[in-house]
Every structure is written in structure tokens, then in C-alpha cells.
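Starting off with a structure, shown below.
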Amino acid sequence: MKQVAPGVHQLTIQRFVNVYFIETGRPGEWVLVDTGLPGSAQAIVAAADELFYPGTHPEAIILTHGHLDHAGSAQALAEHWKVPVLAHQLELPFLTARAVYPPADPTVAGGGSLAFVARFFPPQSFQLSDYVQQLPANDLDPPFLPDWQWHHVPGHAPGQVALFREKDRTLLGADAFATCNHESVPAVLLQLEAVSIAGAPFNYDWQQVGESIRQLADLRPEAIGCGHGPAMPGPGAGAGLRKLADEFRIPAHGRYVQHPARLDANGIAYLPPAPHDPIRTKFGLAAAALGGLVGAAWLVKSYQKKKQNQYPRPKSGEPKHFRTEEVAR
């Protein structure tokens, strides 16, 4: 557990995804921001009990967006604590199983090792209809957090929000950017500090990604926590974000570079065609070949078993009897 700023604590789960505990300003009251991957609930409950008191529960769970590594344990925690889950309106289709997010783009330039593993990510959608509620669209102050404001920062997810506390310039940036080199899985696992683009293979609109980064850099944060990477407390935290904003460039190629996906309140409105992926093709051919070998082995084994049943071997000590057909051969 690391302190990002007074009353703001970062818990890193499975070495690469962060959740946040924000104190509301009232004694014993707090809000959970994001829930990690599926299976993270026990670790989050244990951390909350240690940070506050045994049996504590938040006033609400706020999801910065609904991707698997942010909403994965939302249902388990909402059921355990009996609290609402709050998210932006544009995330609701994906959090109520009415839509799935645009597929990852493993061909995006600069996607690094994350792009390779993104090929194997399942479609992302959750059924939280019994728990999820919309963040009030006409009020930028999140419920239970009067000192904070939420900022709509799409590009990585249509309803992604960042949280900002102006009085000490604390920013929770979600996946609008990362505080580690998100293109390198080892760098993420080792929590090596570096402000960078977050989740390139999952960014469906690169123009919006750049605009969101610039919007957050203009807030001049002095303490930063993101969905991935170490906490960056102190007045120097915003320098890296300002540099990223000033030097931001759209990748040279990728599925969503020339034509972004379009999303609305119902989910996906338009998807650009998937580009040729030679690695996926090779994996497909390899899988087909492996399937053929497995199938051939099964046929051979079935044939041998059939022959064995047709012409059973005599038990030890028994005379061998031939069928007339065998003798004739």
C-alpha cells in the first residue's frame, strides 16, 4: 500500500494493476476506485480492513472504466459490501452485458509486448445491472467526494473518467496514460517509473487519446496515480505528463489510426476493418496443424483399439485360436 497524497492510497494487485482508496473527509468513510482483475476481491477487502478497520466498507465503488483489469472484481465487491457501483453513462453498455468493447489492435505501431499478449485477451463485458449506476452527468463532483471532480477522458474507453482534487492537485488518471512504460510487460511488472501512453492496443481513438492527455496535463498535477505504474507523489509528478502531452504523436499504423472506432450509448457504432496480422495467421496455422496431429493420433488410437477388440489377445496360458478368416489369409 502506497500513499499518493493525504487520504489517497494505492494498492497494487498482481504486480501490475492499481486500485485506490480515497477518504471522503468524514471519519471512517471512503470510496474505492476500480476493482482490479477478477479474483482480486479478497485482497482488496483485506487491504481495506487493514487500512481502516475490520469490517469496513466504502460508500461506493467508482469505476474509471469497465475494462477487465478495472471492473473485474466489481460484482464480487458490490455483493460483499452491498454498495453501488458508479460509472460514466458511456460505460453502461459494457457493464450491463449489452455490448463488448472494440477488439484489441495487436498491429498498432509501438504496442510492444502488450500488443503481442493482447491477441489472446477475451472480449470484455460485464453484467452489473443489479449494482451499476450512472455518474451524475450534470455534476462533476463524484458522489461522496466533495473535494474531487471527475473528468471525461475517452480514447481508451468511451466513458473513461479521471479524478482530480484541486486543493492539492492530486490526479488519478485511470488509463488515459500510465506511470510506467506500458508497452513493456517487464517494465509494468517491475513498476519502473516512466510516464507513457497506456494500453496502446486497446486505444480505439488516437485523436481522443491525445486530447485526453493534454486535458489532464493542463491540470498541472502535483501527485499522480494511474491504473498501471507506481504512484508519483510530489510537485515533480506533472513534468512527465506535460512532456508526454507536448510530444504526443499518433502511431504510424494500426487498426484505429486512420479510422477510429465510433461508440455511443448503445456500444459500438462502427468498427474499421481488422488489418492483416501475420502473427495471428501463423498461430492459426500452427493451431490447425496441431489440431490435425491430435486428430490423426486419435484416429490411429481408435483404429488400434478397434483391432484389439476385434482380435483380442489370448490370456496367459490359454491356447491361441484363429478365426477361419485369419486361417484363410
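The values are calculated or read from the model by the stated rules, or taken from the named source; none is laboratory data. Not measured: the values here are computed from a predicted model. Every residue, glycine among them, receives a Cβ derived from its backbone with ideal geometry; neighbour counts consider all protein chains shown. Surface areas here come from the heavy atoms of the whole protein model, side chains and all, with no ligands, DNA or RNA. Shrake-Rupley method; radii C 1.70, N 1.55, O 1.52, S 1.80 Å.
Round to a whole angstrom and tell me the spacing of the C-alpha centers of segment 140-191 and segment 58-128.
15 Å
Note the full-extension length gain between Tyr270 and Arg220 as 0.36 nm times their separation in residues minus their Cα-Cα distance, in nm to one decimal. Don't jump to the answer; show the numbers that get you there.
Working: separation 50, 0.36 × 50 = 18.00 nm, distance 3.46 nm.
14.5 nm is the gain from fully extending Tyr270 to Arg220.
Can you work out ³J(HN,Hα) from phi for every residue in segment 145-159, in order, using Karplus 6.51 cos²θ - 1.76 cosθ + 1.60 and θ = phi - 60°, giving whole Hz and x for Gly and Pro?
Here the 3J(HN,Hα) series is 10, x, 7, 10, 10, 9, 10, 6, 10, x, x, 9, 8, x, x Hz.
Per residue, how much accessible area does segment 2-275 show when a 1.4 Å probe rolls over the protein heavy atoms, in square angstrom?
Working: 11070 Å² over 274 residues.
So segment 2-275 comes to 40 Å² accessible per residue, rounded to a whole number.
With labels modelled as points extended 7 Å from the Cα through the Cβ direction, what inter-label distance (nm, one decimal) is found for Ser113 paired with Gln3?
A separation of 3.3 nm, rounded to one decimal place.
Report Tyr131's accessible area, 1.4 Å probe, all protein chains in place, as a number in Å² to the nearest 10.
Here the accessible area works out near 60 Å².
If I take R0 = 35 Å and measure r between the Cβ atoms of Val100 and Asp168 in this structure, what FRET efficiency does the formula 1/(1 + (r/R0)^6) give, to the nearest 0.05? Show your work: numbers first, answer last.
Details: r = 38 Å, r/R0 = 1.08.
E between Val100 and Asp168, to the nearest 0.05, is 0.40.
Another question about this same structure. Could you tell me, in Å, what Rg and Dmax come out for the Cα atoms of segment 2-275?
My reading of the Cα-based Rg and Dmax gives 17.2, 53 Å.
I'd like the carbon and sulfur percentage of the solvent accessible area for segment 62-184, probe radius 1.4 Å, heavy atoms only, ligands and nucleic acids excluded. Spell out each step's value before the answer.
Working: 2320 of 4350 Å².
Carbon and sulfur atoms account for 53 percent of the accessible area of segment 62-184.
Could you give the nm distance between label points at Gln258 and Asn138, where each point is 7 Å from its Cα heading toward the beta carbon?
4.4 nm
When ranked by the protection proxy of mean other Cβ atoms within 10 Å per residue, highest first, what sequence do the peptides 82-89, 209-216 form? Provide the component values of the computation, followed by the final result.
Details: 82-89: 19.2, 209-216: 20.9.
So the peptides 82-89, 209-216, ranked by packing, come out 209-216, 82-89.
Give the accessible area for His80 in Å² (nearest 10); use a 1.4 Å probe, count only protein heavy atoms, and leave out ligands, DNA and RNA.
Result for His80: roughly 110 Å² accessible.
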